[in-house]
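Just below is one structure, and these are the notes that go with it.
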Amino acid sequence: MSFPQTIMGKWGWEQVTTTAKKHKLGTRMQIADTEYIYASSGEAVIASQLMEAPALLATDDDDLTVATTGSAGGTTVGITFGASVTKDEYADGILFSNVDASTALGWRYRIKGHPAGTSDVTVTIDHEDGFITEILAGTAKAGAFKSFYEGVLQSNTTPVGPAIGVTVSDIASGSYGWLQVKGPGVCLIQGTPAPGAGLMRSDATEGAMEDFTEASATLWGCLGQMGKTTAVNGEYHSIFLNIV
C-alpha cells in the first residue's frame, strides 16, 4: 500500500492531532491557499507559534561504519550507529554516503525502516529502484539523520535546528499534527513589524517571529511577511507564510 505525499484537505483537517502516526513525516497537505506539513512534537506546544527541528542526537552522525554492503539496485545496507537505536527510529529520515572513494559519494536516500540495535543494523530505504551505486562495507562511511519533522520544538531564541513551520493547534508531547508552511496564517510576533514587513525567527521571544530588518537577519532568514496590521509586541497577528 502506498501513501500519498501530498493531501488535498478540507478546513479543520489541519487542526486534527493524534497520539498515533497517521502519515509519513513530512507529508504535505494543501487546503485552498494554505499548505501544511505533518510532524510529531517533542514537547507540548500551543497554536500559532513557530517551530524548529530538534537538536542533533548522538546517533545522528556523518561517519557511520558501513558493516554490510548496500548493493546497487538493492534496498538494504548494514549500518553501525553512534548509539543504540529503537525500531524504526529513523523511519522517514535520510541515509547518505558521506565518505567513499567510489561514485557512491554524496547520494542520499529516504529511510523506510530498520530493526532495533547498534551494530550492523539493517536499514531499508524507501526507493523502489534501490541504491544507485554500491555502498561498500569497509570502504564507505554513511551519514544518517532523522526527519526534520520528528520531535519538533518551539523555536528557541538560540536555535538548535531550522525553522520548519507554525502550529495551528495545541499538540501534546509525542503526538502528531500539522504545521503551516505557506499562505495566510497567524503567529506570535515580537516587536512592531509594519504591514507587509519581512519576518524572521525571533532571537528574543521563543516561538515568535520578528522584523527581518533586525541585525541578525542574515542568520535567521526570511520566513514570510506581516499581514495588513502593524504588530503589537507579544501579541498574535496575521502573517503570510512562505517556509520551504
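The values are calculated or read from the model by the stated rules, or taken from the named source; none is laboratory data. Values in this document were obtained by computation on a predicted structure and should not be read as measured data. A quick note on method: Cβ atoms are made from the backbone with ideal geometry, for glycine too, and the neighbour counts reach across all protein chains shown. The accessibility values were calculated without ligands, DNA or RNA, using every heavy atom of the protein model including side chains. Shrake-Rupley method; radii C 1.70, N 1.55, O 1.52, S 1.80 Å.
Summary of computed values
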read-out: Cα-projected label distance for residue 16 with residue 86, points at 7 Å along beta-carbon direction, nm; value: 2.5
read-out: P(r), alpha carbons of the chain - 10 Å bins starting at zero, rounded %; value: 8, 29, 28, 22, 11, 2
read-out: 5 angstrom amide H check on residue 61, placed H, neighbours 5+ away; value: 144
read-out: Theoretical ellipticity at 222 nm over the chain - DSSP helices of four or more residues, -39500 (n - 2.57) apiece, nearest 500; value: 0 deg cm²/dmol
read-out: The chain: relative contact order as a whole-number percent, Cα under 8 Å and 6+ apart; value: 24
read-out: Surface share of carbon and sulfur [accessible, 1.4 angstrom probe, percent] for the stretch 150-192; value: 52
read-out: Residue 127 accessible area, assembled protein chains, probe 1.4 Å, Å²; value: 50
read-out: Alpha carbon centroid spacing (whole Å) that separates the stretch 57-98 from the stretch 163-193; value: 31
read-out: Probe 1.4 Å, protein heavy atoms only - accessible area per residue of the chain in square angstrom; value: 47
read-out: Per-residue HN-Hα couplings for the stretch 176-182 [Karplus 6.51, -1.76, 1.60; θ = phi - 60°; Hz; x = Gly/Pro]; value: 10, x, 10, 10, 7, 10, 8
read-out: Length-normalised contact order of the stretch 161-223 in % [C-alpha pairs under 8 Å, at least 6 apart]; value: 25
read-out: Percent RCO, i.e. relative contact order, over the stretch 85-182, from Cα pairs under 8 Å lying at least 6 residues apart; value: 26
read-out: Solvent-accessible surface ranking, highest first, for 153, 199 at 1.4 angstrom; value: 153, 199
read-out: Extension gain (nm, one decimal) between residue 230 and residue 46, 0.36 nm per residue minus Cα-Cα; value: 63.9 nm
read-out: Eligible aspartates and glutamates near residue 146 by straight Cα distance, threshold 16 Å, same-chain separation 8 or greater; value: 52, 60, 61, 62, 63, 88, 89, 92, 126
read-out: Assigned charges on the beta-carbon of Lys, Arg, Asp, Glu; the stretch 142-214 dipole about Cα centre (debye); value: 260
read-out: Gained length - residue 30 relative to residue 8, 0.36 nm times residue gap less alpha-carbon distance; value: 7.4 nm
read-out: Rounded to whole Hz, the Karplus (6.51, -1.76, 1.60) HN-Hα couplings of the stretch 163-170, x for glycine and proline; value: 6, 10, x, 10, 5, 10, 7, 6
read-out: Paramagnetic reach from residue 160 in the stretch 199-214 [backbone N under 20 Å; point 7 Å along Cα→Cβ]; value: 201-209
read-out: The stretch 1-52 and the stretch 125-159: distance between their alpha carbon centers, rounded to Å; value: 21
read-out: Förster-model FRET efficiency, 51 Å R0, residue 139 and residue 192, C-beta, rounded to 0.05; value: 0.35
